[in-house]
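The structure under discussion appears below in the form of structure tokens.
What follows draws every value from the coordinates through simple rules; no lab data is involved. Predicted, not measured: the structure shown is a model, and the values here were computed from it. All Cβ positions, glycine included, derive from the backbone under ideal geometry; neighbour counts span all protein chains shown.
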Amino acid sequence: MSDDFDTLIWSSLPVPAILIDPDENIGDMNPAAEGFFNNSAKWLMGQPIWDRLAVDAPLEESLARARKNGTPLFVNDVDVGTGSRAPLVCNLQIAPLMGREGWMLMLISPRELAGRMTQSHSVKSAAKSAIGMAEMLAHEIKNPLAGIAGAAQLISMNQPKEDLELTDLIVAETRRIVKLLEQVEQFGNLSAPVRVPVNIHDVLDRARRSAGLGFGAHMTFKEDYDPSLPMALGDPDQLLQVVLNLVKNASEAADQKEGGCIRLRTFYDHSFRTRRADGSGQSLPLQIEIIDNGPGLPEDIRGDIFDPFVSGKENGTGLGLALVSKIINDHDGWISVDSIPGKTVFRISLPRYRGETQEKA
């Protein structure tokens, strides 16, 4: 088999693959691994593997034994991070490299995305049914509520001033319920995105300025942008709505914490793709992260936070993040969250604009 064919196979591997030399340094990596690390192989080669790869498991001794005995090593369901991205749940496969003594080959298979894609499909179907039923109920309930509020106002006209507290309460509560129902109806009323070339940094800057003058005035904002990012394909107004919602949540989470900080980060990940059941796929290389140092999401709802009517806030409706998820799904994008106390990362992955051909399609 020719060297060219070996190179072709190495470059075509769909999962990150890393060669580790006998001194625990990075000897080489394939393009998928470059995307996973968000760095080039040329820059990473020669660096200690455990300085660049954080694995939530004691691997050094196990790897040394596998190297000594010439046996493979399998590690399942561990958090793997690189310092430049939130950790992913992965399976690791490590095996001796035939013909090169002391060298090991590591394959990293992220499984979190595959699991979330399956979950997302069922959640999306359930959410669609729930939202449809809620829209129908909202429409039916708003009419009698208007009648109740009107009747309370008429009654109040014939009551002494000291007895108006109850009628005022009725009017205030009916208005609050109507406002909630209008939020439910917003799901059905949201039009399909009008997708055009969008500079995501312009969207982030508009959200930051708006937040800084209002609900986020108490927060410190930090920008960590990749200025070389190409244009995204999306609806700028709907994407602004998404970012404002996430920044507002981050600001409210940090209310109880001094020194609240929101970091807005962008970067390019050419290896990030989604694949549907029919085999079709979508490249989503443009990454936006909204990172806060608040208390984190409650553990009991962390996996369901994008479902309708699930909320970690007292008196929360659970509709904001469901709407965010709907908008991103309508953009053929992807949204995920990673949260621990002191750090919550919402990550949005979007397709890039590829010119007139894509626009016509």
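Taken one residue at a time, the phi angles of the stretch 52-65 give Karplus couplings (6.51, -1.76, 1.60, θ = phi - 60°) of 9, 10, 9, 10, 7, 6, x, 9, 4, 5, 5, 5, 4, 5 Hz. Gly and Pro are set to x.
Using a 10 Å cut-off around each Cβ, can you sort I328, I200 from fewest to most neighbouring Cβ atoms? Please report the intermediate quantities before stating the final value.
Working: I328 22, I200 25.
Lowest count first: I328, I200.
Pairs with C-alpha atoms separated by more than 31 Å, drawn from the list K161/K248; K222/K326; K42/K248, are K161/K248; K42/K248.
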